[in-house]
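Below is one structure, written out as structure tokens, with a few remarks after it.
We did not get these values from a lab; they are worked out from the coordinates using the rules stated. These figures come from a predicted structure and were not determined experimentally. Note: ideal-geometry Cβ built from the backbone for every residue, glycine included; neighbour counts use all protein chains shown.
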Amino acid sequence: MTDSTMTVSVDWTSEEGAARRRRRHAADRRLRAYGIGAISLAIGLLAILIVTLAATGYKAFVQTMVRVDFTISADLVKADNIPAGNFRAVVANAMGTLFPEVEGRAEERELKRILTNNTQFMVRDAVIADPSVIGGTITLRVPASDPFDQLNKGEISRDLPEDQRRVNDQQITWFDKLDAEGRITTPFNWGLFLNADSRFPELAGLAGAIVGSFYALLVCFLISFPVGIAAAVYLEEFAPKNRLTDLIEVNINNLAAVPSVVFGLLGLAVFLNFFGLPRSAPLVGGMVLALMTLPTIIIVTRAALKSVPPSIREAALGMGASKHQTIMHHVLPLALPGILTGTIIGLAQALGETAPLLLIGMNAFITSPPGGLMEASTALPTQVFIWADSPERGFVARTSAGILVLLGFLILMNAIAIFLRQRLERTW
Amino acid sequence: MFGYTVLLIIALSLVAFYVGRAQGAAFVGGDVKSHSLPSYHGAFVAVWVGIPAIVLVLIWVALQGTVIDQALLGSLPASMTEGASVSQLRLFLSEIKNVAAGRIFSEPTPEIQAAAETYIRWQGIARWAMLVAATALMVIALVIARGRLTTRFRARNNVERVMSGLMVFCSTVAILTTIGIIASLLFEAYRFFEQVPVTEFLFGLNWEPQIRLREDQIAGAGAFGAVPVFVGTILIATIAMLVATPIGLFTAIFLVEYANDRVRNIIKPIMEILAGIPTVVYGFFAVLTVAPAIREFGSLLGIAVSPNSALAAGGVMGIMIIPFISSLSDDALKAVPRAMRDGSLALGATRSETMTKVLLPAALPGIMGGILLALSRAIGETMIVVMAAGLIATMTINPIDSVTTVTVQIVTLLIGDTEFDSPKTLAAFALGLVLFIVTLSLNVLALHIVRKYREQYE
């Protein structure tokens, strides 16, 4: 065994060896190409997603408006009882003045369809706001109804045969006449942010959903932030190593992985049926979201507490502070930036959660923003879900716009979190 | 009233804090050294005033409804409650409450009318009684707590003990949540299995969750065999995993072995964006773009694709899961000791050989764990399938057919339906129980695999 050496001579320069080497390097390049392909695919899909949403959604950020002069005759609207006035006739007269040639009930009805269904109520509200116009005229910009909004934005092609589109040739002529008179404008759609939900796409907005989401997140924050920090401080700093704390830790990790719809079932069975809290209320939504966010907050708080160096604790204890004082006065304030960052990211996740909110009824059709925590409301993601389910063509653009607003809020929250992390977090 | 009571409690606790602190400040500078700082005296009094009152109010609010309901039923004339079933009594109560709230659909009977007036009166009394009781309790507590303050009183230790107690309570919230989930699922599922046998639910091949509207209705008797739902769930989750696993894994391989820091710093945030998009957005994307595209492609080939095919839902779910798999595989690959990788490269292996022959085998348990975690996500994912998958349970493994999933059924069975006695709504809880058990087992298994593997190298 002593002097037996391997004497297999390998000719590295042979044709065979070179071919083998080429093969091996080709395999290396192939794997690299697969990796690049996979990443390009993922990025490409993300790009397609964002581009389609932006392409369908941007049109909902402007709204076709029609400027109409309404003559408020004192016969139709009595100054002492404005709400009972015949505003339907006011609208009909206004359209009649614009198109004197239109005769007959059917035609007049077709003509009125250019304006949104709620025009008469808008005129009524304007008169209530300023009763001095009775007897005179008032000029309002009224949203065009969905088909004409689509027509104006080019979604409905004029080249289609008449029976295949939702506006007939006569209506297009009327609309073009209004356009030629300069009565059609497409300003920024403030209604998207100021109106609540509506059956008519041109009037539907996100105000109710934004307020509902705000209330739900507020409740979620008020519950999960203090409870999460207290739990994390206990587990990280005080808890003895025993079965109970082990059980709590296992529980927290498992809760983080429970499907969100199960939390919805919990909310339905416990908060709604057992405690009898009101359905669709942001309070209940916030409580369910708080239970879902709690594991996230506990985990990030523990990480932030761990990153505070022991020397801080030892210095405080050495100066005679009690354990509570050490943590409350020194460790926790130093960990706070990390905790805040994690909390904001947790809240951003909660903002996007939909399934649990569906189960506790936050997908109701509600036409006014909630006035409080106990009033029925929707939230941003559930509003997106409701609109996505609506058959009207105009809701496709609204849904995409709603998603863009939701993504905008998420980006904002994450940006705040990143800003906080960069500005406040210390490295030791 | 509840809100005002809570505000009152907060206000009085603040008052108590200042009262206690003022008294504590008087101890400073005397002959005997004060044990605790004045603010601890204040906090001690505030805690004594605030916490019992909050607990009282919470218990009061929780019990008030039930107590009033029972008293109301007791006040009804015996002729109405004699021999009435539980659901009948519940009906009376909801009628009384509707009348009291002014939601009158038909002319109520005089008894109900009277009971509604009683109800309104009692509610008013109960509200004021709560406020009065809470205030009385706080005043008593304030007097007692103040009486206990002395120079040598260990206020800080007392306050710290209360704080520790609060922290222990907060950390048990996680356990309470788990107990709440399990209890509510088990309880409602048990009520479901009283009406539908477990064996039919688990092994039945027909899922038509309807209830009879009339006794004599022939159709719509309802069938609760969940196997087609399970098959649909597995089909969609499988498609999702088939999309996500290769893309995620190759992404991780590229990031670990081939990418430089600059590329990594670009790709990682993009993956995080992919993970951060709400699922309702993916659902809309599936409906708006992916499903029509697949349908178009199918009609090009002459295949009829269902408008809500399993392929569209599963494919989009796969996109959602890519970042999970890539980041978990990334962690697993990085956890392989550097010496193994360097050794392989030093022997002349190419990077691909190092990856496939050394790193991947070593990281396999971690990657498997990650895939299992992702699978549990796919099974529990709700919004994508609610929007993009079908509602009808068909027993098929054809990816271009429409199938339904457990989560879709849970949501559709419970949306807009508050009736809680029918097997239709209770079935959702039985499905939820199955979902919870399956995802929990997958998680436990995945964590077990990952942990076992980690011990090997550390």
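Report the FRET efficiency, 1/(1 + (r/R0)^6), for residue A:274 and residue B:2, where r is their Cβ-Cβ distance and R0 is 22 Å, rounded to 0.05.
Once rounded, the FRET efficiency stands at 0.80.
Would you mind calculating the relative contact order of the stretch A:60-189 from Cα pairs under 8 angstrom and at least 6 residues apart, reporting the percent as a whole number?
42 percent
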Proxy exposure order for B:153, A:188 (fewest C-beta within 10 Å first) is A:188, B:153
With a ≥ b ≥ c from the Cα gyration tensor eigenvalues, square-rooted, and the rule rounded for a/c under 1.5, otherwise prolate when a/b > b/c and oblate otherwise, the stretch A:115-229 is oblate
When the charge dipole of the stretch A:16-70 is computed with +1 at the Cβ of Lys and Arg and -1 at the Cβ of Asp and Glu, the Cα pointing farthest to the positive end, of A:43, A:60, A:70, is that of A:43
One checks the Cα atoms of the stretch B:2-153 and finds Rg and Dmax, in Å, of 23.4, 78
Shielding of B:283-293 by other chains, given as the mean Cβ count within 10 Å, works out to 5
Gyration tensor (Cα only) of the stretch B:303-372 to equivalent ellipsoid, semi-axes in Å sorted down, yields 36, 14, 8
Over the protein assembly as shown, the sum of -39500 (n - 2.57) across DSSP H runs of at least four, divided by residue number and rounded to 500 deg cm²/dmol, gives at 222 nm -22000 deg cm²/dmol
With the 8 Å Cα cutoff and a minimum separation of six or more residues, chain B has a relative contact order in percent of 16 percent
Dividing the alpha-carbon radius of gyration of chain A by 2.2 N^0.38 Å, where N counts its residues, gives 1.45
Long-range amide H partners of residue A:137, meaning residues 5 or more apart or on another chain whose placed amide H is closer than 5 Å, are A:72
Exposure proxy check on A:105, A:165: fewest-to-most Cβ neighbours within 10 Å is A:105, A:165
Simple spin-label estimate for residue B:396/residue A:80, 7 Å along Cα→Cβ, in nm, reads 7.0 nm
Plugging the Cβ-Cβ distance of residue A:253 and residue A:25 into 1/(1 + (r/R0)^6) at R0 = 41 Å yields, to the nearest 0.05, a FRET efficiency of 0.40
Expressed in nanometres to one decimal, the distance between label points 7 Å along Cα→Cβ at residue A:199 and residue A:102 is 2.2 nm
Length-normalised contact order of the stretch B:2-153, Cα under 8 Å, at least 6 apart, in percent, tallies to 35 percent
Computed for chain A: size of charge dipole around the Cα centre, +1 on C-beta of each Lys and Arg, -1 on C-beta of each Asp and Glu, debye to nearest 20, value 1420 debye
Phi angles of the stretch A:88-95, converted by Karplus (6.51 cos²θ - 1.76 cosθ + 1.60, θ = phi - 60°) into ³J(HN,Hα) in whole Hz with x for Gly and Pro, give 4, 5, 4, 5, 4, 5, 4, 5
A correct fewest-to-most ranking of B:60, A:428, B:128 by other Cβ atoms within 10 Å would be A:428, B:128, B:60
For A:402-411, A:364-373, A:322-331, ranked highest to lowest by mean beta-carbon neighbours within 10 Å, the order is A:402-411, A:322-331, A:364-373
Mean Cβ-within-10 Å packing, highest first, puts peptides B:165-172, A:256-263 in the order A:256-263, B:165-172
Long-range amide H partners of residue B:394, meaning residues 5 or more apart or on another chain whose placed amide H is closer than 5 Å, are B:404
Expressed as a whole number, the average count of other chain Cβ atoms within 10 Å around the Cβ atoms of B:386-398 is 1
The aspartates and glutamates whose Cα lies under 17 Å from the Cα of residue A:323, excluding any fewer than 8 residues away in the same chain, are A:236, A:237, A:314, B:160
Given 20 °C, 1.002 mPa s and a Kirkwood radius over Cα pairs, the Stokes-Einstein diffusion coefficient of the stretch B:152-262 in µm²/s is 105 µm²/s
Taking the dipole of the protein assembly as shown about the Cα centre (Lys, Arg +1; Asp, Glu -1; charges at Cβ), the one of A:116, B:337, B:311 that reaches farthest to the positive side is B:337
Between residue B:208 and residues 5 or more places away or on another chain, the pairs with built amide H atoms under 5 Å apart involve B:223, B:224, B:225
extent check for the stretch B:223-457: Cα max minus min per principal axis, descending, whole Å, gives 67, 44, 29
Highest GNM mean-square fluctuation among A:100, A:356, A:333, for chain A with Cα springs under 10 Å, belongs to A:100
Cα-based Rg then Dmax for chain B, in Å, read 31.4, 99
Taking Cα atoms, the helix B:110-148 axis meets the longest principal axis of chain B at an angle in degrees (rounded to 10) of 80 degrees
Computed for the protein assembly as shown: size of charge dipole around the Cα centre, +1 on C-beta of each Lys and Arg, -1 on C-beta of each Asp and Glu, debye to nearest 20, value 3180 debye
Distance in nm between residue A:109 and residue A:323 label points, each 7 Å along Cα→Cβ, equals 8.0 nm
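Across peptide A:229-238, how many C-beta atoms of other chains are within 10 Å of each residue C-beta, on average?
Per residue, the average neighbour count from other chains is 5.
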Longest principal axis of chain B (C-alpha) makes with the long axis of helix B:261-276 (C-alpha) an angle, in degrees to the nearest 10, of 60 degrees
For A:242-248, A:289-295, ranked highest to lowest by mean beta-carbon neighbours within 10 Å, the order is A:289-295, A:242-248
Magnitude of the Cβ-charge dipole (Lys and Arg +1, Asp and Glu -1) of the stretch A:207-424 about the Cα centre, nearest 20 debye, reported as 320 debye
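Test of understanding: what is the full-extension gain from residue B:114 to residue B:238, defined as 0.36 nm times their sequence separation minus their Cα-Cα distance? Numbers along the way, then the final one.
Details: separation 124, 0.36 × 124 = 44.64 nm, distance 6.09 nm.
That pair, residue B:114 and residue B:238, stretches by 38.6 nm at full extension.
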The FRET efficiency for residue B:107 and residue B:82, from their Cβ-Cβ distance with R0 = 25 Å and rounded to 0.05, is 0.60
To the nearest 10 degrees, the tilt of helix B:310-334 (Cα long axis) against the first principal axis of the alpha carbons of chain B is 90 degrees
Computed over the Cα atoms of the stretch B:11-98, the Rg and Dmax in Å are 24.8, 76
Scaled by the rule-of-thumb 2.2 N^0.38 Å, the alpha carbon Rg for the stretch A:207-424 gives a ratio of 1.16
Expressed in Å to one decimal, the Kirkwood Rh of the stretch A:60-189 from all distinct alpha-carbon pairs is 15.4 Å
